[in-house]
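Okay, handing you the structure first.
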Amino acid sequence: MDRVTDLADPHRCKGAAPDGQCRNVAEPGNEYCRAHGGTDKLAAQRKSMYLLTRHRAKVAAFAEHEEAKTLRDEIAMVRTLIQEHWNRMDDTDAALISSSGELNRLWTTLDKLMKTAETIDRNHNLTLSKTTIIVFGQEVITMLKEELRGVPGFEERIDRITNRMLDTIEHTTNSPED
């Protein structure tokens with residue numbers, strides 16, 4: 001461990017020693033020497049940036065793959081990244097705090113991708129609202145009335161069909177695959 005030659009050195013450790021302020025040189029990017037709990041923050045930052053760059057390169061390579069070109073595949077990829085990131089964390093508050101920025105970025109990306117996919121589906125008429133489905137059901141019932149008019153008991157049958165359709169619409173939700 002290096003010691004300072006000038007007691008006014010700005011890189012001097014801020015830790016307390018028996019005879020006053022510590023005379024060791026603080027670790028790079030830190031106010032304390034290793035003896036007083038200082039770590040080389042610059043080295044940790046460089047390692048973190050290296051790992052992040054390596055991870056982003058893997059994601060970029062995967063994203064360029066022909067099979068991952070669709071928006072749905074990108075959504076699945078981000079979900080996988082969130083799960084992998086979550087699985088790598090241990091159960092400490094420090095791990096959660098240190099991962100919160102990256103997890104927040106991934107969740108924000110996932111939210112944007114999901115909204116984009118929903119907008120595209122809506123703009124290309126790939127999804128129907130419940131209101132649209134109810135209007136469609138009403139038109140089907142009108143067609144059935146016109147075709148079945150004159151058949152004995154057709155009104156009761158139409159009422160039963162209408163009630164069954166409305167119950168089905170009311171209880172219908174999108175499945176996870178949709």
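Could you grab the pairs with beta carbons closer than 7 Å, sequence gap of 6+ or different chains, first residue in segment 18-33 and on the phi > 0 side of the Ramachandran plot, second one surrounded by fewer than 16 Cβ atoms within 10 Å (Cβ to Cβ) and part of a loop (DSSP other than H, G, I, E, B)?
If the second residue must be surrounded by fewer than 16 Cβ atoms within 10 Å (Cβ to Cβ) and part of a loop (DSSP other than H, G, I, E, B), the pairs left are Gly29/Asp40.
Could you list all residues from segment 1-32 that are surrounded by 14 or more Cβ atoms within 10 Å (Cβ to Cβ), farther than 24 Å from Gly101 by Cα and polar (S, T, N, Q)?
Selection gives Asn24 alone.
Another question, if that's okay. Checking the condition farther than 30 Å from Leu51 by Cα and not assigned by TED's automatic domain parsing to the domain that holds Leu52, which residue from Glu118, Glu147 passes?
Going through Glu118, Glu147 in turn, the sole match is Glu147.
Taking Thr162 as the residue in question, decide whether it is surrounded by 14 or more Cβ atoms within 10 Å (Cβ to Cβ) and outside the structural domain of Ile75 (by TED's automatic domain parsing).
Values: surrounded by 14 or more Cβ atoms within 10 Å (Cβ to Cβ): yes; outside the structural domain of Ile75 (by TED's automatic domain parsing): yes.
So Thr162 passes the test.
Something else: Given the criteria aliphatic (A, V, I, L, M) and surrounded by 12 or more Cβ atoms within 10 Å (Cβ to Cβ), does Ala35 qualify?
yes
Shifting gears a bit: What tally of residues in segment 106-129 results from selecting those that are surrounded by 11 or more Cβ atoms within 10 Å (Cβ to Cβ) and either touching a Phe, Trp or Tyr at 6+ places or on another chain (Cβ under 8 Å) or of a type in the set (Lys, Arg) (or both)?
Going through segment 106-129 one residue at a time, the tally reaches 3.
For segment 129-162, enumerate the residues that are under 30 Å from Thr119 (Cβ atoms), hydroxyl-bearing (Ser, Thr, Tyr) and in a helix (DSSP H, G or I).
Going residue by residue through segment 129-162, those that are under 30 Å from Thr119 (Cβ atoms) are 129-140.
This time we only want the ones that are hydroxyl-bearing (Ser, Thr, Tyr), so: 129, 131-132.
Hits for segment 129-162 are Thr131, Thr132.
Within the set of pairs 6 or more residues apart or between chains, which connect a residue that is in contact (Cβ under 8 Å) with a residue 12 or more places away in the chain inside segment 70-95 to a residue that is β-branched (Val, Ile, Thr) and assigned to a helix (DSSP H, G or I) with Cβ atoms less than 6 Å apart?
Every condition considered, the pairs that remain are Val78/Thr109.
The values are calculated or read from the model by the stated rules, or taken from the named source; none is laboratory data. Please read all numbers here as calculations on a predicted model, not as lab measurements. Using ideal geometry, Cβ is built from the backbone for each residue, glycine included, and neighbour counts are taken over all protein chains shown.
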